[in-house]
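The values are calculated or read from the model by the stated rules, or taken from the named source; none is laboratory data. In this text, all values refer to a predicted model and were calculated from it rather than measured experimentally. A quick note on method: Cβ atoms are made from the backbone with ideal geometry, for glycine too, and the neighbour counts reach across all protein chains shown.
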Amino acid sequence: TLMIPLLVIVGDAIALYGSFLVENLKGNVSFTLYFNQVFDSLEFGDILPATVKSFFFGFAIGIVGCFKGYYCKKGTAGVGKAANSAVVFTSLLLFIIDFIAVFVTDIFYEL
């Protein structure tokens, strides 16, 4: 539950740095100018939904994995079926959580 939000934050930081590298290769933009412009244009509401969603995603992945692993049948076949079932159920659950999160986010942005 804790590592997925941290992974999202690290991924966002890498994406910002990667976009700086591409922009620096394309034109002559200083590090300070680029990140001043980025942080001036970004708002807290741009970052918050993805970070909050990642907490719910991490919780869902952990709970489903633990539940399916705890109730799996004995043997390697049982573990394989439980792992497959956990992946399928988690994928569906993440889709539903994302749908609800987008719906709620749209309500807040309309206010």
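Listing for the model above:
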| quantity | calculated |
| --- | --- |
| Boolean, SER54 is touching a Lys or Arg at 6+ places or on another chain (Cβ under 7 Å), surrounded by 14 or more Cβ atoms within 10 Å (Cβ to Cβ) and under 30 Å from VAL104 (Cα atoms) | no |
| Condition broken by VAL64, with the remaining ones in (1) touching a Leu at 6+ places or on another chain (Cβ under 9 Å); (2) assigned to a loop (DSSP other than H, G, I, E, B); (3) of a type in the set (Val, Ile, Thr) satisfied | (2) |
| Filter result for the condition that a residue is loosely packed, with under 11 Cβ neighbours inside 10 Å and modelled with pLDDT of 95 or more, over ILE14, ILE63, ILE97 | ILE14 |
